[in-house]
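In what follows, a structure is listed as C-alpha cells, so that the remarks can point back to it.
The values are calculated or read from the model by the stated rules, or taken from the named source; none is laboratory data. Please read these numbers as outputs of a predicted model, since none were measured by experiment. Please note: Cβ atoms are built from the backbone with ideal geometry, for glycine as well, and neighbour counts cover all protein chains shown.
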Amino acid sequence: VLGRSDNLRTLFNKFPELDEACLVLGMAFNEQRTFGMALQGEMVQRDVVQTSVSFSDHRAHLCGRDESRLRRVVGVQVFEYLLAQALSEIGEERVERQELEG
C-alpha cells in the first residue's frame, strides 16, 4: 500500500532529507452478518448469527512531515466537511420551507 502511494512518493520527492513521514491511512469498511458456530457452556450451537468485519482498498490519503501538522490538516478537513454538510442541510431546509410557503 505505502509503496504504491503517489502522495507519499510526492512527499519524499519534495523533501528528500526526510527519513520518516506521517500519514492518514484510509480504507473501505465491510461488515457482514453470517451464521456460524459458538460454544455455549460445553455445547456447540450451530446457526449462531455472527458479525464478520473486513477492511480493503487501503490508501494513504494525507501525508505530512510531522504528526502535529498532519493533525491540524485533518482537523481542518473534518471541520470543512462538517460545515459543508451543515450548509447542505440548511439549503435543503430552505428549499422545503419555500415550497411550503409558495
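Quick notes on this structure:
The rows are residues; the columns are (1) in contact with a strand residue (DSSP E or B) (Cβ under 7 Å, 6 or more places away or on another chain); (2) part of a strand (DSSP E or B); (3) modelled with pLDDT of 95 or more.
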| residue | (1), (2), (3) |
| --- | --- |
| L11 | yes, no, no |
| L23 | yes, yes, no |
| A28 | yes, yes, yes |
| R33 | yes, yes, yes |
| V53 | yes, yes, yes |
| A60 | yes, yes, no |
| C63 | yes, yes, no |
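- Answer residue from segment 11-20, given it is without any contact (Cβ under 8 Å) to a residue 40 or more places away in the chain and not basic (K, R) and is surrounded by the most Cβ atoms within 10 Å (Cβ to Cβ) among those: F12
- Flag if Q85 is surrounded by 10 or more Cβ atoms within 10 Å (Cβ to Cβ), free of Cβ contacts under 8 Å to residues at least 12 places away in the same chain and in a strand (DSSP E or B): no
Rundown of residues vs (1) acidic (D, E); (2) closer than 24 Å to R69 by Cβ, yes/no style:
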| site | (1), (2) |
| --- | --- |
| R4 | no, yes |
| C22 | no, yes |
| Q32 | no, no |
| A38 | no, no |
| G41 | no, no |
| R46 | no, no |
| V53 | no, no |
| D57 | yes, no |
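- Filter result for D47 (in the same structural domain as R4 (by TED's automatic domain parsing), within 21 Å of the chain's Cα centre (by Cα) and in a strand (DSSP E or B)): no
- Candidate set: segment 21-69, residues that are without any contact (Cβ under 8 Å) to a residue 24 or more places away in the chain and in contact with an Asp or Glu (Cβ under 9 Å, 6 or more places away or on another chain); chosen: the one nearest to L2 (Cα to Cα): S52
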